[in-house]
Amino acid sequence: MEAVGTDTKHGRCCVCIEKNKICTRKCEFAAYFPNEMQGDYEAATKLFGTPNITRMMKLAPHEQKHLLASSILKEGVAWTDDNIGGGCGVIQKLRGEIKLHEDYLSDIRKKISEEKKELVLLSNPYI
C-alpha cells in the first residue's frame with residue numbers, strides 16, 4: 001500500500017491526520033475530508049468526535065456521502081462561529097438578512113413606480 005502523501009501534493013486526509021494513520025490510496029475518507037479542509041474538520045471533530053464522524057460516514061449510502069460530509073463540516077463551523085445557535089442561528093441570521101433586502105427591494109420598487117407615474121404626468125400635461 002502506498003501512502004497518498006508520497007504521490008500527491010495534498011497529503012493525508014483529515015481523518016487520517018486525526019487518527020495519526022497513513023492515508024492510503026484506498027482511504028474511504030480522503031475524497032470527503034481532504035487536507036485542505038483541516039480547519040473545518042477540527043471544528044466538526046469538536047462537535048461530533050472522529051469516531052462518530054467515521055461511523056456516520058460508514059452508515060451513509062454511497063450517493064449521499066458527499067452531502068453528509070459537507071453537512072458535518074458546515075455544522076461544525078456553524079457551532080464554532082455561533083456556539084449558542086449553531087446551524088439554526090446561521091439560518092435565522094440569513095432569514096433576517098433576506099427580509100431586510102426584500103424590504104429594501106420593495107421600497108425601491110415603490111419609488112420606481114412613483115417616479116414612473118410622475119414622469120407620465122410631466123410628459124402628458126393634459127392628464
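Remarks
- Tensor-based shape of region 47-113 (alpha-carbon gyration tensor, a/c under 1.5 rounded, otherwise prolate or oblate): oblate
- The angle between the Cα long axis of helix 65-81 and the longest principal axis of the Cα atoms of the chain comes to about 70 degrees, rounded to the nearest 10.
- Residue exposure proxy: C88, C23, C14, ordered by other Cβ atoms within 10 angstrom of their Cβ from fewest to most, comes out as C88, C23, C14.
- Tensor-based shape of region 85-127 (alpha-carbon gyration tensor, a/c under 1.5 rounded, otherwise prolate or oblate): prolate
- Cα-centred dipole magnitude for region 58-114, charges only on beta-carbon of K, R (+1) and D, E (-1), debye, nearest 20: 140
- Rounded tilt (10° steps) of 86-123 against the dominant C-alpha axis of the chain: 20
- Debye-sum result for the chain in log10 I(q)/I(0), which assumes one identical scatterer on each alpha carbon, at q = 0.14, 0.21, 0.23 Å⁻¹: -0.72, -1.14, -1.26
- Positive contributions from Lys and Arg (+1) and negative ones from Asp and Glu (-1), summed over other residues with Cβ under 14 Å from the Cβ of I108, come out at -1.
- Neighbour-count order for D81, D107, fewest beta carbons within 10 angstrom listed first: D107, D81
- Electrostatic dipole magnitude of the chain [Cβ: Lys, Arg +1; Asp, Glu -1; Cα centre; debye, to 20]: 360
- The Cβ shell under 14 Å around P51 holds other residues with a net charge of +4, Lys and Arg each +1, Asp and Glu each -1.
- Loop sites in region 4-105: trypsin sites (Lys or Arg not before Pro), DSSP, at most 12 other Cβ within 10 Å: K9, R25, K26
- Here's the picture: charge each Lys and Arg Cβ at +1 and each Asp and Glu Cβ at -1 in the chain, and of S123, T80, I112 the one pushed furthest to the positive end of that dipole is T80.
Throughout, read-outs are computed from the coordinates displayed, never taken from laboratory work. Just so it is clear, the structure is predicted and the values come from calculations on it, not from any experiment. Positions of Cβ are backbone-derived with ideal geometry, glycine not excepted, and every protein chain shown enters the neighbour counts.
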